[in-house]
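The values are calculated or read from the model by the stated rules, or taken from the named source; none is laboratory data. It should be emphasised that the depicted structure is a prediction, and the values quoted were computed from it without experimental measurement. All Cβ positions, even for glycine, are placed from backbone atoms using ideal geometry, and neighbour counts span all protein chains on display. All accessible areas refer to the heavy atoms of the entire protein, side chains included, with ligands and DNA or RNA removed. Shrake-Rupley method; radii C 1.70, N 1.55, O 1.52, S 1.80 Å.
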Amino acid sequence: NTITFEPSDPSSKVYLNYSLSSALQNYILYLDGSRYVTFRNIAFYNLGNQVYQRLVVAGNGAHHLNFVNCEFMGISTCDTTSLAALFYIDSSNYNSSIVIDSSYFNYGGFGIYFISSDSTVNSGLVITNNYFSNNSKTSVFLANVKNPTIGLNEIGSFQQCYEFEGIYLINCDG
């Protein structure tokens with residue numbers, strides 16, 4: 001069975017805010033091996049500093065996660081480390097079937113960041129119909145991900161800190 005988090009009124013949003021302040025607590029939501037979970041109309045807001053920007057972290061075999069019509073709101077930064085990724089998928093194996101659709105990513109160094117440790121097992125990543133704005137380094141950064149689906153996304157303005165890359169893929173095939 002799928003667990004779904006959404007507001008009782010479909011026309012509204014639920015806001016999850018946190019003041020991110022350290023590498024050890026660099027997330028609002030940590031999905032540690034979670035499976036079959038959907039988040040719909042949820043807004044994640046960083047109220048903290050410019051370095052620690054991870055709003056959602058998925059790892060340790062997390063799969064069948066869906067984020068639909070969500071907002072990921074970071075803070076203006078020129079940080080280019082993965083600590084500044086708004087949506088971070090850790091490098092452990094077997095993180096699969098993660099769908100991010102019709103969502104909004106604002107600020108942060110990266111919108112979505114995933115470097116897999118093994119390109120043969122992490123598949124089913126779908127990034128569609130999203131809007132990215134004001135990321136300082138890269139909106140979508142993927143490495144060693146098997147068969148990612150990326151489409152119908154819009155990348156708007158970006159912070160002019162460094163050389164900006166809208167979508168950057170390394171060793172992604174399919």
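Given axes a ≥ b ≥ c from the Cα gyration tensor, I'd like to know whether segment 43-143 is rounded (a/c under 1.5), prolate (a/b larger than b/c) or oblate.
Here segment 43-143 falls in the prolate category.
Along the Cα-to-C-beta direction of TYR131, a point sits 7 Å from the Cα; which residues of segment 138-173 have their amide N less than 19 Å from that point?
Of the residues in segment 138-173, 139-140, 151-159, 166-167 have backbone N under 19 Å from the label point off TYR131.
Just to make sure I understand: if all protein chains stay in place, what is the order of SER91, SER96 by accessible area at 1.4 Å, largest first?
SER91, SER96
Using the Karplus curve 6.51 cos²θ - 1.76 cosθ + 1.60 with θ = phi - 60°, work out ³J(HN,Hα) for each residue of segment 129-134 in order, rounded to whole Hz, and write x for Gly and Pro.
6, 9, 10, 10, 9, 6
Give the accessible surface of segment 1-83 per residue, rounded to a whole number of Å², with probe radius 1.4 Å and ligands, DNA and RNA excluded.
Accessible area per residue: 50 Å².
Considering amide H positions built from the backbone, and no H for Pro or chain starts, which residues 5 or more places from PHE72, or on another chain, come under 5 Å of its amide H?
For PHE72, whose amide H was placed from the backbone, the distant partners under 5 Å are PHE44, TYR104, PHE105, ASN106.
Determine, from the Cβ-Cβ distance of ASN1 and SER97 and an R0 of 25 Å, the FRET efficiency 1/(1 + (r/R0)^6), rounded to the nearest 0.05.
Once the sixth-power term is evaluated, E becomes 0.95.
Cβ under 14 Å from ASN122's Cβ, ASN122 left aside: what net charge do those residues give with Lys, Arg +1 and Asp, Glu -1?
-2
Taking the simple approach of a point 7 Å from Cα along Cα-to-Cβ for both ASP9 and PHE164, what is their distance in nm?
The answer from the label model is 3.5 nm.
Starting from the Cα of ASN60, step 7 Å toward the Cβ, then list every residue of segment 1-30 with an amide N under 16 Å from that point.
24-30
Label points 7 Å out from Cα along the Cβ direction at SER157 and TYR36: separation in nm?
Simple spin-label model gives 4.4 nm for this pair.
Rounded if a/c is under 1.5, else prolate if a/b beats b/c, else oblate: with a ≥ b ≥ c from the C-alpha gyration tensor eigenvalues square-rooted, which is the chain?
It is rounded, given that a/c, with a ≥ b ≥ c, falls under 1.5.
Give me the percent relative contact order of segment 8-135, please, defined on Cα pairs under 8 angstrom at least 6 residues apart.
Reported as a whole number, the value is 22 percent.
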